[in-house]
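The structure under discussion appears below in the form of structure tokens.
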Amino acid sequence: MTTTNQKKAIVLGAGGFIGGHLVKRLKEEGYWVRGVDIKNNEYHNYADEFILGDLTDPNVVQLAISENIDEVYQLAADMGGALYIFTGQNDANVMHNSALINLNVVHECVKKKVKKVFYSSSACAYPEYNQMDTNNPKCSEKDAYPAEPDSEYGWEKIFSERLYLAHNRNYKLDVRIARFHNIFGPYGTYKGGKEKAPAAMCRKAIETPDGGELEVWGDGLQTRSFLYIDECIEAVLRLMRQDSFIGPVNIGSEKMVTINQLAQIIIKLSGKNITIKNLEREEFKEKYGFKCPTGVRGRNSDNTLYREKMGWEPSQPLKEGIEKTFNWISKIINNNQ
Ligand code: NAD
């Protein structure tokens, strides 16, 4: 039951990491929230209503997106960490499933006259040729073109960004689009092949005995930046709550680190004497039987545009967020032992 003046939001992908956190924040702010996902959220579910369904099916989307909705947050995607996106083994499903979800969702949002729609794109939309230099990646929004993402996941994001923008131009659908850069934090996937580097390294450091080795894929000199989940949600809501700018815009941290530096932060938190074992391309292929899924050499969020339009940007030190994530994974693993 909604109360008068209570805002109504639908979070697509609420069974996932960012969606789960977003539902929690919207509920804290007094919204009525419907979550939709093909799976339940393993860790928390604060939604008033949860529809378990496959958004590639237009009938499910018709049911999920009803009339009189203030905000739809489209976070559902067939995705995962490097092992899922960069080996090439899931390319067809990634493109097919995510494109279908977005085609269904954008159509239904127009039909049901949803007031505002958020679409989550990715830093993976940026071209590989701008990310060959570890120290100087070019990821300002205009650098997305000419397009040449290094994965089919990135190509689908480019397509869907354009899909939402076209519906904004032709059907006046009020959209906001952000390109997320490596969002991390507790209550997310930390095992099973779909986890991202921060969670995977925390798990490995927790499971590695004192004196052991922590495996890091590639030479570890590849660079990335990582944004803690709470600041990601804050940035999404700020983008949604203004009407002069629709994006696409980066949501990320500008504090770039090498993957080995990230591993060192995590090893220090474990309090153990662990050494980094970099698995170079050939060694990786020999051990796992497929190409080392390290992605581009260098990537960093460029927050110039977000700063300029929103007058705010994320500022939390990486170590703080990593510590919270480490403690959360550690608690689960230790409780299961
Ligand atoms: P996630 O995998 O935890 O969440 C995505 C959710 O979509 C999952 O719960 C999944 O079950 C759901 N889903 C997939 N196919 C579906 C279908 N057919 N029907 C219904 N639900 C379906 O990922 P996340 O990290 O929470 O990412 C959310 C969004 O942000 C995604 O669109 C992702 O591409 C984008 N993004 C995330 C990051 C990041 O670092 N986490 C970076 C860039 C972009």
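The values are calculated or read from the model by the stated rules, or taken from the named source; none is laboratory data. Remember, it's a predicted structure, so these values are computed and weren't measured experimentally. Don't worry about glycine lacking a Cβ; one is built from the backbone with ideal geometry, like all the others, and counts go over all protein chains shown. When the accessible area is computed, the model is the full protein with side chains, heavy atoms only, and any ligands, DNA or RNA have been set aside. Shrake-Rupley method; radii C 1.70, N 1.55, O 1.52, S 1.80 Å.
Axis angle, to the nearest 10 degrees, between helix 91-111 and the longest C-alpha principal axis of the chain: 30 degrees. In this structure the amide hydrogen of Leu227, modeled in the peptide plane, comes within under 5 Å of the amide hydrogens of Ile183, Phe184, Ser253, none closer than 5 places in sequence on its chain. Within the accessible area of the range 188-337, the carbon and sulfur atoms contribute 47%, probe 1.4 Å, all protein chains present. Each residue, Glu67 and Lys291, gets one label point 7 Å from its Cα in the Cβ direction; the gap between the two is 5.0 nm.
Solvent-accessible area of the range 53-109 (1.4 angstrom probe, protein heavy atoms only): carbon and sulfur portion equals 52 percent. Each label was represented as a point 7 Å from its Cα along the Cα-to-Cβ direction; for Asp143 and Gln261 these points are 1.6 nm apart.
Hey, which aspartates and glutamates would be in cross-link range of Lys157, C-alpha to C-alpha under 14 Å, not counting anything within fewer than 8 residues on its own chain? Partners found: Asp78, Asp91, Glu141, Glu148.
Provide, for the range 1-125, the number of lysine pairs with alpha carbons under 14 Å apart, each pair being eight or more places apart or on different chains. Taking the range 1-125 as the scope, the lysine pair count is 9. Note on Lys309 and Glu323: their simple-model spin labels are 3.4 nm apart, each label 7 Å out from Cα toward Cβ. Note on Asn59 and His44: the extension gain reaches 2.8 nm, defined as 0.36 nm multiplied by sequence separation minus the Cα-Cα distance. Derived scalar couplings between HN and Hα for the range 258-271 equal 7, 5, 5, 5, 4, 4, 5, 4, 5, 4, 4, 5, 5, x Hz in order, rounded to whole Hz, by the Karplus curve 6.51 cos²θ - 1.76 cosθ + 1.60 (θ = phi - 60°), x for Gly and Pro. Neighbours of Arg281 by Cβ distance under 9 Å: Lys/Arg scored +1, Asp/Glu scored -1, total -2.
Excluding ligands, DNA and RNA, the accessible surface per residue across the range 176-246 is 34 Å² with a 1.4 Å probe. When both bridge partners sit in the chain, DSSP labels roughly 5% of those beta bridges antiparallel.
Partner aspartates and glutamates whose Cα lies under 17 Å from the Cα of Lys277, excluding those fewer than 8 positions away in the same chain, are identified as Glu207, Asp210, Glu213, Glu215, Asp219, Glu286. DSSP finds beta bridges in the range 1-127, and of those with both partners inside it, around 0 percent are antiparallel. With 20 Å as the limit on Cα-Cα distance, the pairs of Lys255/Lys291; Lys196/Lys309; Lys142/Lys172; Lys268/Lys324; Lys204/Lys255 that go past it are Lys255/Lys291; Lys196/Lys309; Lys142/Lys172; Lys204/Lys255. Rounded to the nearest 20 debye, the dipole magnitude of the range 60-149 is 380 debye, with +1 charges on Lys and Arg beta carbons, -1 on Asp and Glu beta carbons, and the Cα centre as origin. Close amide H pairs (under 5 Å, H built 1.01 Å from N) link Ile51 with Gly35, Val36, Asp37, residues at least 5 positions away or on another chain. Accessible area per residue for the range 27-149, computed on protein heavy atoms with a 1.4 Å probe, is 45 Å². Using R₀ = 30 Å, calculate the FRET efficiency as 1/(1 + (r/R₀)^6) where r is the Cβ-Cβ separation of Thr87 and Leu221; round to 0.05. Here the calculated transfer efficiency is 0.90. As a fraction of the 1.4 Å probe accessible area of the range 121-187, surface on carbon and sulfur atoms comes out at 49 percent. Could you state the angle between the C-alpha long axis of helix 229-240 and the longest principal axis of the C-alpha atoms of the chain, as a value from 0 to 90 degrees rounded to the nearest 10? Tilt relative to the chain: about 30 degrees. Measure nothing but the geometry: give the 0 to 90° angle between the long axis through the Cα atoms of 152-171 and the longest principal axis through the Cα atoms of the chain, rounded to 10°. Taking Cα atoms only, the helix is inclined about 20 degrees.
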